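Here's the structure we're looking at; comments come further down.
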Amino acid sequence: MRKKQKTAWKEILKWEKEVTGTKPKMSTTRKILLILGFLSTLAAIALITVAVTQNQPLPKNIKYGIVLDAGSSHTNLYVYEWPAEKENDTGVVQQVEVCKVEGPGISGYSQTTEKAGPSLVQCLRQAEGVIPLKQHQETPVYLGATAGMRLLRLENKDAAEKVLSSVEKTLRSAPFNFQGARIISGQEEGAYGWITINYLLGNFKQSGWKKFLHSLKSVSETSGALDLGGASTQITFVPDEISSESPQNLLYFRLYGKDYRVYTHSFLCYGKDQALQQKLARDLQSTENSSLFDPCFHQGYQRTISVSNFFKNPCTSVEKKQFPFSQLHIEGEGNYEKCRRNIQNLFNKTDCPYSSCSFNGIYLPPLQGDFGAFSAFYFVMNFLNLTSDDPFTLDEVASAIKKFCARPWHEVKLQYHQIKEKYLSEYCFSGAYILSLLENGYEFTTENWKRIHFLGKIGSSDAGWTLGYMLNLTNMIPAEEPPAPPLSYGSYVGLMVLCSLVLVSVILLAWLLFHKPKCLQKGVV
Ligand SMILES: Nc1ccn([C@@H]2O[C@H](COP(=O)(O)OP(=O)(O)OP(=O)(O)O)[C@@H](O)[C@H]2O)c(=O)n1
Ligand SMILES: [Ca+2]
């Protein structure tokens, strides 16, 4: 190979000697240019190597946090993780584990309060397996209880305190850093749900073009949050203009250097389980015997409820009445229209002391922007196959629910035998209730219906209040935008490579122009 090359060179020299009649000779300028070119190439290579190696991100230092969502129907334990050095960035915290606690929500332990804490042990063990042993002690653990415990506190304060003590005892005995177990307010629940989805959607901190484009628009580009639980429901959004009519519904946040004026309201007793209880309590008022035909259950479905326990609940106690029977037999009729009319009675639209209201005389400013609807809004719509990316119209949704409600129970049960009977039997009611709440309660129309997005997860994280709660308690959302390098690591390296390539090309071009190899000279080619 080398021999071949040598011969080729000899040939070229010979040919050059023949053409020019002189020995090939390189001028001093060319020599300098050649050396310069060579040195520049070396410099460019060195520059890229240094950029890539010196600025490589350090090995990730992961932090963890645990939040238990003690809901009315059940408790979920969430484990979150984030890179320590990016703590204040938006969208860096993500859910890595969720564990559903066996049995009822903690408010379900009102008769056996000492068992509330131990019910959480299995999920705490699961979290121990996910988080590296050496980080257990530094991992914060929070428990927030929602509407189920708010109701228990109203019904029996002592029992509610005992349940909280029991869960606190268990959480303190876990190897993590216990940070508190408390009942959060409906306002907090709404606000943290709104923070969670906007954090996960990346709506708080914008960079580059997005920031520029958004600065041109006057409206705040956040998404509203609709949360439907078992015992309460929350609506939270940034209205177009805020009036100070109902200060208890307004919250002010400063996040990443921007002010947000947020409207929120939590309706206790309007979660889907308590709404059903309320509906049954009203139906009972006009019942003479122990049988009740219910249009919101499928035809052929039967359920028996105990009347004595029924009115202990603060959501139904106003309807309390003496009945000559202790058991009530409910029989399904499967009639969607009748069910909607029946549910409508839960929303009192007559009195409104403000410029506009949702229902029961509660202030609601005009709806604004997109909404993320999660928890039971998602569970129910997902079951009914109504959550596709190409959104269904309000009419399509109504007719799908109507069709589902009209199906006989034995057929539904056969098709969905894997689904818990409690859930399955109530999807007809829940579908109708969701439409009533959104259409009659909040007054969503055919037009703005398409701005509701039913979502279970955003990325790997569940939509819900827990992430926002942890972000707030760990001070992970700064009020002011933290200073950030103008370029990301990837863009920086890319730019270095591009500049180096341009540099080499310019030098090569200059060399070619000065050197003028024979092949580029006129007449040779
Ligand atoms: N696959 C599922 C899961 C849950 N549910 C129902 O959805 C409702 C709400 O669940 P969730 O959002 O978990 O409510 P909680 O957090 O328990 O209640 P709250 O927020 O009111 O305290 C409950 O009635 C539950 O039975 C459902 O229909 N289908
Ligand atoms: Ca909930």
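The values are calculated or read from the model by the stated rules, or taken from the named source; none is laboratory data. What you are looking at is a predicted structure, and each value in this text was computed from that prediction instead of being measured. Quick reminder, even Gly has a Cβ in these numbers, built from the backbone with ideal geometry, and neighbours come from all protein chains shown.
A residue that is surrounded by fewer than 15 Cβ atoms within 10 Å (Cβ to Cβ) and outside any helix (DSSP H, G or I) can be found somewhere in segment 135-145. Given (1) surrounded by 15 or more Cβ atoms within 10 Å (Cβ to Cβ); (2) farther than 30 Å from LYS169 by Cβ; (3) under 24 Å from the mean Cα position of the chain (by Cα); (4) aliphatic (A, V, I, L, M), where does ALA44 come up short, assuming only one miss? ALA44 satisfies every listed condition except (3). Taking the criterion of being more than 9 Å from ligand 2 (Cβ to nearest atom) and in a strand (DSSP E or B), the residues of segment 220-233 that qualify are GLY224, ALA225, LEU226, THR233.
Consider LEU152 carefully, then state whether it is in the same structural domain as TYR64 (by TED's automatic domain parsing), over 26 Å from the mean Cα position of the chain (by Cα), closer than 28 Å to GLN187 by Cα and within 16 Å of ligand 2 (Cβ to nearest atom). So LEU152 fits the description; yes.
So, in segment 83-98, exactly how many residues are closer than 23 Å to ALA181 by Cα and out of contact with any helix residue (DSSP H, G or I) (no Cβ under 8 Å at 6 or more places or on another chain)?
2
Quick one: which helices (runs of 4 or more DSSP H) lie wholly within segment 359-462 and hold at least 3 residues that are within 16 Å of ligand 1 (Cβ to nearest atom) and among the small types (Gly, Ala, Ser)? Show your work before the answer.
Working: elements: 376-383, 394-405, 409-415, 421-435.
It comes to 421-435.
When the test is whether a residue is within 20 Å of the chain's Cα centre (by Cα), under 23 Å from ALA147 (Cα atoms) and either within 11 Å of ligand 1 (Cβ to nearest atom) or surrounded by fewer than 22 Cβ atoms within 10 Å (Cβ to Cβ) (or both), LEU473 passes it. Looking only at segment 285-296, residues that are buried (at least 19 other Cβ atoms within 10 Å of the Cβ) and either within 24 Å of SER317 (Cβ to Cβ) or not assigned by TED's automatic domain parsing to the domain that holds LEU328 (or both) come to 2 in all. Filtered by the rule that a residue be assigned to a helix (DSSP H, G or I) and free of Cβ contacts under 8 Å to residues at least 60 places away in the same chain, segment 87-117 gives SER107, GLY108, TYR109, THR113, GLU114, LYS115. Scanning segment 54-68 finds no residues that are surrounded by 14 or more Cβ atoms within 10 Å (Cβ to Cβ), part of a loop (DSSP other than H, G, I, E, B) and touching a residue at least 40 places away in the same chain (Cβ under 8 Å). Here ALA127 passes the criteria (1) surrounded by fewer than 22 Cβ atoms within 10 Å (Cβ to Cβ); (2) in contact (Cβ under 8 Å) with a residue 12 or more places away in the chain; (3) under 30 Å from PRO482 (Cβ atoms) except the one numbered (1).
Looking across LEU33, LEU39, LEU120, LEU77, one residue alone is surrounded by 21 or more Cβ atoms within 10 Å (Cβ to Cβ), outside any strand (DSSP E or B) and not polar (S, T, N, Q). It is LEU120.
I'd like to know if segment 332-355 contains one or more residues that are assigned to a strand (DSSP E or B), among the small types (Gly, Ala, Ser), more than 21 Å from SER232 (Cα to Cα) and at pLDDT 95 or above. Among the residues of segment 332-355, at least one is assigned to a strand (DSSP E or B), among the small types (Gly, Ala, Ser), more than 21 Å from SER232 (Cα to Cα) and at pLDDT 95 or above, which makes the answer yes. Of the residues making up segment 65-76, none is away from ligand 2 (no atom under 16 Å from the Cβ) and either more than 30 Å from LEU471 (Cβ to Cβ) or modelled with pLDDT under 80 (or both).
Looking across segment 158-197, the residues that are closer than 15 Å to PRO118 by Cα and either free of Cβ contacts under 8 Å to residues at least 12 places away in the same chain or assigned to a helix (DSSP H, G or I) (or both) come down to LYS162, VAL163, LEU164, SER165, SER166, VAL167, GLU168, LYS169, THR170, LEU171, ARG172, SER173.
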